[in-house]
Amino acid sequence: MYRASMIRKELVAASAEPLILSLLAKGESYGYAIIQEIKTRSEGKLHWTDGMLYPVLHRLEDRKLVKSRWGESETGRKRKYYSLREPGKIAMSRHHEEWTLVHSVLANLKKEQYV
Amino acid sequence: MFDIEKSFAEWRTQMLAAGIKTPVPLVELENHLRDDVEKEMLSGSAAEEAFEKATRRIGLAWEISNEFDKTSKGQRSAKFWWIWLWIGSCGLAVTVSMNLVGRFVLHRGSSLFLSHQWWADWFPSYAVWISFTIIGSVIAIGRWRHTGIKVNQGLAVAAGASFILSYLLPAADDESGTSCFIECWRVLARSGRYQIFPFGWWSYYSGFVACNLFFVLLFVAILVRTPLVRARRWLSLALFLQVSSWAIVNHFSVWTMPLGIGYFIWLLSFVLLFGAHLVPDGAVSYSNFLAPAGNASPTRQESRHS
């Protein structure tokens, strides 16, 4: 999940939780769909080793940030769907605040370099 | 000829051999792999090539297994400290019960709290079990990731438990903590014999009522993570100083009374509360949760396919 070609692995690792929580905030989803969505949205620059997503999802579930239910895919296969719990929403908004702060500090510093 | 079902079976065997548990998460992983293979085949790849690409993307069995192990190791560790805390609490409860039976049922002199013989007979047992309980509660609650409880909240819970316990135990002159608290309320209200209490002493004893009320507020403040961190820190220190001053005042005053174990546990609860406000409120920590995984997986994965 943390194999990064364009973005460094540390940043990929740090962004995994906020990205997963933010995706689940849009509605329930399952592992494969989450991976595909991240690939599409990052235009392939954010590479995750697919199998590593599941330990992270399970940890989020253990921490009661997400919940899961078993359903069926269109092909009849069992599929585990994850959705956000209330503490997950709080954790997500905290992530957003933190990342927005980091972004704004960086943006301001960059702007000052060109003034 | 390539048999895709046979390949799935071999992949499953590898996963099981690496320690991936079934049905969860193996079923989840296998269905992910099947989804990926199907998508790859729809985009024009042959079955063998699709399977090869999908297994590469899903990662190595031992890597995934290691990641799951980290979660279960954390759970085992948390469980160990909860058992530790449970043993400590039981030991403390048994010691307190035996001490109370000795004091109030059997009327043994050695069971009188803080008497000369009490220190020799009972203190070692109290010291062991209280240490056990405090260490267990701080670490167990701090490591309990399922709730996201932090170390400062663990300290606050330990403080709360000590605070409640102190009300049940003899605090001063064989009076329970509850009786002492009621007495301080009487001072504050200037009821009965306290009507003529000098202002200095009135404000000093009323301060204990304030300490108890602020304790509850500061306890809640830790659990709900309110702002004003510095103010909370100073206030908790002030409360601790006020509570600890009683031991000194009592020692030097003309009406010295024997202090009970309840007072010391009450004092301990304020030490723990101060500690809880002193520990930085760690918000969400990436390092606890993700960094180890980030370091573990990429190198081998990339080296395998480079």
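The values are calculated or read from the model by the stated rules, or taken from the named source; none is laboratory data. Everything numeric in this text was worked out from a predicted model, so none of it was measured. All Cβ positions, even for glycine, are placed from backbone atoms using ideal geometry, and neighbour counts span all protein chains on display.
Of all the residues that make up the stretch A:73-94, how many are of a type outside the set (S, T, Y), touching a Lys or Arg at 6+ places or on another chain (Cβ under 9 Å) and at the interface with chain B (Cβ under 9 Å from one of its Cβ atoms)?
Matching residues across the stretch A:73-94 total 4.
Mind listing just one residue for me: the one in the stretch B:12-32 that is small (G, A, S) and part of a helix (DSSP H, G or I) and, of those, modelled with the lowest pLDDT?
Taking the stretch B:12-32 first, the residues small (G, A, S) are B:17-19.
Keeping just the survivors that are part of a helix (DSSP H, G or I) gives B:17-18.
On the way: B:A17: 82, B:A18: 79.
Restricting to residues being small (G, A, S) and part of a helix (DSSP H, G or I), the top hit is B:A18.
Any idea which residue in the stretch A:58-72 is nearest to A:S93 (Cα to Cα), counting only those that are surrounded by 21 or more Cβ atoms within 10 Å (Cβ to Cβ) and facing another protein chain (nearest Cβ under 10 Å)?
As a first pass, look at the stretch A:58-72 and keep what is surrounded by 21 or more Cβ atoms within 10 Å (Cβ to Cβ): A:58-60, A:65-66.
After this cut, where a residue has to be facing another protein chain (nearest Cβ under 10 Å) as well, the list is A:58-60, A:65.
Details: A:H58: 20, A:R59: 19, A:L60: 15, A:L65: 12 Å.
The extreme case among them is A:L65.
Having 2 or more residues that are free of Cβ contacts under 8 Å to residues at least 12 places away in the same chain is the bar; report the helices (runs of 4 or more DSSP H) wholly within the stretch B:79-180 that clear it. Step through it out loud before you land on a result.
Working: elements: B:116-121, B:123-143, B:151-168.
Qualifying helices (runs of 4 or more DSSP H): B:116-121, B:123-143.
Does the stretch A:37-51 include one or more residues that are in a helix (DSSP H, G or I), surrounded by fewer than 16 Cβ atoms within 10 Å (Cβ to Cβ) and at the interface with chain B (Cβ under 9 Å from one of its Cβ atoms)?
no
Out of all the residues in the stretch B:159-183, which are of a type in the set (A, V, I, L, M), crowded, with 21+ Cβ neighbours inside 10 Å and farther than 20 Å from B:L213 by Cβ?
Correct list: empty.
Sort out which residues of the stretch A:27-36 are facing chain B (nearest Cβ under 9 Å) and in contact (Cβ under 8 Å) with a residue 40 or more places away in the chain, and write them in order of number.
A:Y30, A:G31
Filter the stretch B:217-240 down to the residues that are of a type outside the set (A, V, I, L, M) and part of a helix (DSSP H, G or I), then identify the one that is farthest from B:I134 (Cα to Cα). Break it down into steps so the answer makes sense when it comes.
Taking the stretch B:217-240 as the starting set, the residues that turn out to be of a type outside the set (A, V, I, L, M) are B:219, B:225-227, B:230, B:232-234, B:236, B:240.
Now narrow it down to the ones that are part of a helix (DSSP H, G or I): B:219, B:230, B:232-234, B:236, B:240.
Numbers: B:F219: 17, B:R230: 25, B:R232: 22, B:R233: 21, B:W234: 23, B:S236: 19, B:F240: 18 Å.
It comes out as B:R230.
Would you please list the contacts, defined by Cβ atoms under 8 Å and residues six or more apart or on different chains, that run from a residue in the stretch A:8-25 that is more than 10 Å from chain B (Cβ to nearest Cβ) to a residue that is hydroxyl-bearing (S, T, Y)?
Filtered contacts from the stretch A:8-25: A:L23/A:S29; A:L24/A:Y82; A:L24/A:S83.
Working only within the stretch A:62-76, note down all residues that are modelled with pLDDT of 90 or more and within 13 Å of B:V24 (Cβ to Cβ).
Within the stretch A:62-76, A:S68, A:R69, A:W70 qualify.
Identify, from the list B:V249, B:V243, the residue that is assigned by TED's automatic domain parsing to the domain that holds B:N212, in a helix (DSSP H, G or I) and modelled with pLDDT of 85 or more. Steps first, answer last, please.
Details: B:V249 fails: modelled with pLDDT of 85 or more.
Result of the check over B:V249, B:V243: B:V243.
If you go through the stretch B:33-61, how many residues are hydrophobic (A, V, I, L, M, F, W, C), part of a loop (DSSP other than H, G, I, E, B) and in contact with a helix residue (DSSP H, G or I) (Cβ under 9 Å, 6 or more places away or on another chain)? Spell out the reasoning first.
Filtering the stretch B:33-61 down to residues hydrophobic (A, V, I, L, M, F, W, C) leaves B:33, B:37, B:41-42, B:46-47, B:50-51, B:54, B:58, B:60-61.
Among the residues that remain, those that are also part of a loop (DSSP other than H, G, I, E, B) are: B:46, B:60.
Next, only the ones that are in contact with a helix residue (DSSP H, G or I) (Cβ under 9 Å, 6 or more places away or on another chain) stay: B:60.
Number satisfying all stated conditions: 1.
Please verify whether the stretch B:184-206 includes one or more residues that are polar (S, T, N, Q), surrounded by fewer than 17 Cβ atoms within 10 Å (Cβ to Cβ), in contact with a helix residue (DSSP H, G or I) (Cβ under 6 Å, 6 or more places away or on another chain) and under 25 Å from B:M257 (Cβ atoms). Steps first, please.
Restricting attention to the stretch B:184-206, the residues satisfying the condition of being polar (S, T, N, Q) are B:191, B:195, B:203, B:206.
Filter once more, so that each one left must be surrounded by fewer than 17 Cβ atoms within 10 Å (Cβ to Cβ): B:191, B:195, B:203.
Retained after the next criterion (residues that are in contact with a helix residue (DSSP H, G or I) (Cβ under 6 Å, 6 or more places away or on another chain)): none.
No - not one qualifying residue is present in the stretch B:184-206.
Per-residue answers, yes or no, for (1) surrounded by fewer than 19 Cβ atoms within 10 Å (Cβ to Cβ); (2) under 30 Å from A:A91 (Cα atoms); (3) modelled with pLDDT of 50 or more:
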position	(1), (2), (3)
B:W255	yes, no, yes
B:I265	no, no, yes
B:L268	no, no, yes
B:S285	yes, yes, no
B:F289	no, yes, no
B:N295	yes, yes, no
B:P298	no, yes, no
B:H305	yes, no, no
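Inspect the stretch A:63-85 for any residue being over 23 Å from B:L60 (Cα atoms) and part of a helix (DSSP H, G or I) and give the result as yes or no.
So far as the stretch A:63-85 goes, no, none of its residues is over 23 Å from B:L60 (Cα atoms) and part of a helix (DSSP H, G or I).
Can you tell me which residue among A:E37, A:E28, A:E10 is in contact with a strand residue (DSSP E or B) (Cβ under 7 Å, 6 or more places away or on another chain), among the acidic types (D, E) and farther than 15 Å from A:H95 by Cβ?
On the way: A:E37 fails: in contact with a strand residue (DSSP E or B) (Cβ under 7 Å, 6 or more places away or on another chain); A:E10 fails: in contact with a strand residue (DSSP E or B) (Cβ under 7 Å, 6 or more places away or on another chain).
Every option except A:E28 fails the conditions.
Let's see how each residue does on (1) of a type outside the set (A, V, I, L, M, F, W, C); (2) under 23 Å from A:I34 (Cβ atoms); (3) at the interface with chain A (Cβ under 9 Å from one of its Cβ atoms); (4) crowded, with 17+ Cβ neighbours inside 10 Å:
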{"residue": "B:E5", "(1), (2), (3), (4)": "yes, no, no, no"}
{"residue": "B:F8", "(1), (2), (3), (4)": "no, yes, no, no"}
{"residue": "B:N31", "(1), (2), (3), (4)": "yes, yes, yes, yes"}
{"residue": "B:T55", "(1), (2), (3), (4)": "yes, yes, no, yes"}
{"residue": "B:G59", "(1), (2), (3), (4)": "yes, yes, yes, yes"}
